[in-house]
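The values are calculated or read from the model by the stated rules, or taken from the named source; none is laboratory data. Since the model is a prediction, treat every value here as computed from it, not as a measurement. We place every Cβ from the backbone using ideal geometry, glycine too, and count neighbours over all the protein chains shown. Please note that ligands, DNA and RNA were not included when accessible areas were found on the heavy atoms of the full protein model with its side chains. Shrake-Rupley method; radii C 1.70, N 1.55, O 1.52, S 1.80 Å.
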Amino acid sequence: MGENKDIDHYLKSDGVDSEREKMIGQTIGYRYDVNLLPDLSRLTPFLKKYLDYMGWKDLNWLEDIHMGYEEGRAAVFDRNINGWVTVPPDLKLPDNQQERDMIARELLVKFQMSDNHPLVALRTAYGKFD
Amino acid sequence: MAGLEKSNEPLKTEMRSESLLGRTQQVFFSLDNNEEKMAQPFAYEVDFSKSAEIDAEDLNTRQINSKLKHLLTEGYGTITIKNPGAKHSIGVGILNRLNLKIEGSLGYFGLGLLDGPNVTVEGRVGWSCGENMMSGTVLIKKNAGSTFGAAIRGGDLVCKGDVGARTGIDQKGGTIIAGGNTGAFSGFMMQRGRMVVLGDAGNNLGDSMYDGTIYVGGKIKSLGADAVESETTESDEKWLTDKLTLYGLVDKLNLSTIKKVVSGKQLWNYDSLEPSEKKLVL
């Protein structure tokens, strides 16, 4: 991590910390460490199966997925809908970023593969090809 | 999104009083009752052990891509395209897991908009290979043209040889690897992700990059605006070693000479201040 912040910093506060952030009233930059090297020993069983199914030897696109924080809730950003998917409120988060990121990756994959993902409805309505 | 239907009515463009509000995605999804599905609902179920070949010599682009899709619908998970003849726009928009081997070279805009497949190209590729790639792996065994991996968002895009100018322009994620040299303006307006150049980099590397990381093994002709050199860390070295090992390029990696280029963040402008307020801040 670039700075040693409390792991729950962005859950406990609005994340507006520096003088410049206070002046403009918003956080500058990401609310997590985008350069955190994933610890593959912490893969969840679901993620192991997913990577094997896709034929990938590392996290591939999931390297860029991290647990973020949106309006006081833990959330993961879904590029397919350009929006945040919040983590279920009753899910207890681990106390380290590596395992939080793995949970975020699993949640995002499950969300994108769900029949209820917004892309499914959009594709049905606007898809030009079968 | 439920009940969304296509409408042929023209869009109303008048002013509205209704404000746009965000919607939580929780109404669409629950972890508890979700099956462990590995593919998107519209993806074809394919078997990697089921293989097929396409001889593209007498086919045009549309016919090749249609044939490819037809084989996916029939469950073929390993497909080889023979005699691609450097035709343009081959293998575009594959949103499926698939092992695709191309025995030859591709023209312009090959393998764009990929989401999932693992592709190997035995020859060269033209401009904009892997444009807007979302996930998967692409391995080019020879050289690539300009704008290699333009606006890539995820996955690994690898060229074992040299690549042209503007590599990874507008990169938003994922990894681009060039085993040889790269041309001018590589990493231009890069926003996220990682680029590795094991040879030399041309003029204005990382010009106006917003975020992301560029690693260069050889010489850098010049850095672009707001691109600065930074110190490599143990994490960088581990990531580089692991990633390059995957694609058989680790022998070209010399950790003692590798340079890391990142954004100087002087062009960052996240705020929504009025111009007069900006003057006060800056």
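Largest mean-square fluctuation among A:Glu19, A:Glu99, A:Glu71, in a Gaussian network model of chain A whose springs join Cα atoms under 10 Å apart, belongs to A:Glu19. For the peptides B:88-98, B:139-149, residues were scored by their other Cβ atoms within 10 Å and the scores averaged per peptide; the highest-first order is B:139-149, B:88-98.
For region B:57-154, which GluC sites (Glu not before Pro) are both in a DSSP coil and crowded by at most 11 other Cβ atoms within 10 Å? Don't skip to the answer; put the middle values down first.
Numbers: sites: B:Glu57, B:Glu74, B:Glu103, B:Glu122, B:Glu131; in loops: B:Glu57, B:Glu74, B:Glu122, B:Glu131.
Answer in residue order: B:Glu57, B:Glu74.
Per the Cα gyration tensor, the protein assembly as shown maps to an equivalent ellipsoid with semi-axes of 33, 29, 22 Å, ordered largest to smallest.
For chain A, what is the calculated [θ] at 222 nm in deg cm²/dmol (nearest 500), taking -39500 (n - 2.57) for each run of four or more DSSP H residues and dividing by its residue count?
Working: 5 runs with 46 residues, N = 130.
Theoretical 222 nm ellipticity from helices: -10000 deg cm²/dmol.
Surface calculation, 1.4 Å probe, protein heavy atoms: B:Tyr76 sits at approximately 50 Å² accessible.
If we count every other residue with Cβ under 13 angstrom of B:Lys82's Cβ, Lys/Arg +1 and Asp/Glu -1, where does the sum land? The answer is -3.
Please get the size of the charge dipole for chain A, origin at its Cα centre, with Cβ charges of +1 on Lys and Arg and -1 on Asp and Glu, quoted in debye to the nearest 20. Show your work: numbers first, answer last.
Numbers: 17 positive and 23 negative charges, 83 e Å.
About 400 debye.
When the protein assembly as shown is described by a simple charge dipole with +1 on each Lys and Arg Cβ and -1 on each Asp and Glu Cβ, the residue from B:Ser256, B:Leu114, A:Met54 located farthest towards its positive end is B:Leu114. Neighbours of B:Gly180 by Cβ distance under 15 Å: Lys/Arg scored +1, Asp/Glu scored -1, total +4. Sequence-distant contacts, meaning Cα pairs under 8 Å at least 6 residues apart, place the relative contact order of region B:132-282 at 16 percent.
How fast does region A:38-126 diffuse by Stokes-Einstein, in µm²/s, taking the Kirkwood radius from C-alpha pairs at 4 °C and 1.567 mPa s? Stokes-Einstein gives a translational diffusion coefficient of 93 µm²/s.
For the listed residue pairs B:Lys141/B:Lys260; A:Lys12/B:Lys265; A:Lys49/B:Lys265; A:Lys92/B:Lys259; B:Lys37/B:Lys82; B:Lys87/B:Lys221, the alpha carbons are over 30 angstrom apart in A:Lys49/B:Lys265; A:Lys92/B:Lys259; B:Lys37/B:Lys82; B:Lys87/B:Lys221.
Calculation over all alpha carbon pairs of region B:176-218 in 10 angstrom steps from 0 returns a P(r) of 34, 60, 6 percent.
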